[in-house]
1. Take the residues of the stretch 280-306 that are within 16 Å of ligand 2 (Cβ to nearest atom) and in a helix (DSSP H, G or I): which is surrounded by the most Cβ atoms within 10 Å (Cβ to Cβ)?
2. Would you mind telling me which numbered condition in (1) assigned to a helix (DSSP H, G or I); (2) away from ligand 2 (no atom under 16 Å from the Cβ); (3) out of contact with any helix residue (DSSP H, G or I) (no Cβ under 9 Å at 6 or more places or on another chain) residue 119 fails?
3. Considering each residue of the stretch 65-93, count those that are assigned to a loop (DSSP other than H, G, I, E, B), modelled with pLDDT of 95 or more, more than 16 Å from ligand 1 (Cβ to nearest atom) and more than 27 Å from residue 252 (Cβ to Cβ), and give that number.
4. Check whether at least one residue in the stretch 201-223 is in a loop (DSSP other than H, G, I, E, B) and modelled with pLDDT under 95, and report yes or no.
5. Would you tally the residues in the stretch 164-191 being within 16 Å of ligand 2 (Cβ to nearest atom) and either outside the structural domain of residue 124 (by TED's automatic domain parsing) or more than 18 Å from the chain's Cα centre (by Cα) (or both)?
6. Counting just the residues of the stretch 228-245 that are surrounded by 15 or more Cβ atoms within 10 Å (Cβ to Cβ) and in a loop (DSSP other than H, G, I, E, B), which one comes out modelled with the lowest pLDDT?
7. Any residue at all in the stretch 323-345 that is in contact with a helix residue (DSSP H, G or I) (Cβ under 7 Å, 6 or more places away or on another chain), within 16 Å of ligand 2 (Cβ to nearest atom) and assigned to a helix (DSSP H, G or I)?
8. Exactly one of (1) surrounded by fewer than 20 Cβ atoms within 10 Å (Cβ to Cβ); (2) at pLDDT 95 or above; (3) over 19 Å from residue 336 (Cα atoms) is unmet by residue 141. Its number?
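The values are calculated or read from the model by the stated rules, or taken from the named source; none is laboratory data. This structure is a prediction, so every number in the text was calculated from the model and none was measured. Note that we place each Cβ from the backbone using ideal geometry, even for glycine, and neighbour counts take in every protein chain shown.
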Ligand code: NIG
Ligand code: FE
């Protein structure tokens with residue numbers, strides 16, 4: 001039974017089709033577009049009941065006095081899926097933002113006591129309640145920009161107590177928030193100051209934490225930042241070897257600044273997603289293309305940090321890789337809350353088309369989280385995470401910059417944003433319950 005109808009819609013970007021595997025090649029551009037369409041939702045079940053032309057809708061499926069949202073000049077599409085964020089953190093790194101504008105690099109700032117370890121210090125000093133409150137505010141910004149599913153990493157605690165504190169905050173957000181939230185254990189983000197001279201000791205500590213996290217189901221995934229600034233391949237291998245006996249799926253910060261061979265290695269380890277890839281080389285591209293590991297590109301990081309190369313999206317796509325886009329929201333290299341802006345950056349700096357950008361922020365990002373059977377497209381039976389955009393054509397999503405184009409946000413059938421305003425009463429209830 002349909003008890004919320006969005007009709008008429010100028011364009012429905014449904015992305016229906018063969019979504020069993022992440023999309024690649026031509027399928028990245030197949031938006032399953034329906035002009036003058038309608039989307040019928042069961043609020044009771046939180047699911048999508050109808051997607052198709054207005055003319056084909058069987059009105060006997062509508063409940064009595066079914067509310068109708070008019071989207072005659074709008075694009076209607078699945079909510080955005082942000083598959084790589086560091087949304088929970090303490091403190092601020094605004095000073096580093098301006099140091100970079102005066103010529104210091106992300107790496108230099110990191111080596112001089114700033115960077116990830118600065119956020120580690122602040123996060124350790126912030127209580128779980130305060131971390132929760134600030135993360136909640138950021139989450140509202142994401143909802144406001146049309147993101148309805150968010151992956152969140154730990155990785156600013158870097159000791160047992162504080163990694164667990166972060167994961168508890170993420171679990172609490174997942175419990176009380178309307179949108180789906182997935183948690184990733186990122187103890188292998190960086191070497192904390194107390195282990196600077198004892199790398200082997202910290203790798204052992206990460207393994208100890210990872211086993212605890214898995215035993216107590218405190219996260220869905222684990223992640224490793226493999227980089228000259230962070231973990232070596234050898235260290236990562238030890239962590240992956242320990243994790244193979246757990247249910248945690250692997251995702252990676254891979255080949256961010258250079259070709260370390262991490263993407264190809266990650267494919268061999270069965271990583272769900274390899275992220276960043278600014279430095280990826282031909283072997284990594286070929287390995288990703290021959291696998292179902294998603295190549296998640298984070299153009300907002302280059303934009304914001306001014307460091308590194310944009311990933312070679314055209315080469316990746318032309319080789320046949322399944323590409324996704326994410327924000328990398330974090331206090332140091334990408335305090336970016338918006339996937340529409342991320343799409344703009346992907347178009348301008350990586351020559352991705354409007355269609356590729358949309359697929360990369362929806363169904364392929366859902367694949368990067370292993371959730372493509374539930375979210376990422378508008379198909380009957382899927383979760384009703386639906387957004388209504390104040391633009392008449394999907395090409396305009398990446399085209400408007402600094403303009404709030406998201407008019408309505410519906411999560412699991414519940415209206416979270418209506419006519420441009422967050423429905424705060426409902427949200428307050430949902431978030432602080
Ligand atoms: O994904 N690359 C490693 N980690 C983060 C940066 C985090 C920070 O600077 O606080 C990233 O870009
Ligand atoms: Fe990251």
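1. Among them, the one singled out is 301.
2. Exception for residue 119: condition (2).
3. 2
4. Among the residues of the stretch 201-223, not one is in a loop (DSSP other than H, G, I, E, B) and modelled with pLDDT under 95, which makes the answer no.
5. Adding up the residues that qualify gives 3.
6. 229
7. The answer is yes, given that some residue of the stretch 323-345 is in contact with a helix residue (DSSP H, G or I) (Cβ under 7 Å, 6 or more places away or on another chain), within 16 Å of ligand 2 (Cβ to nearest atom) and assigned to a helix (DSSP H, G or I).
8. (3)
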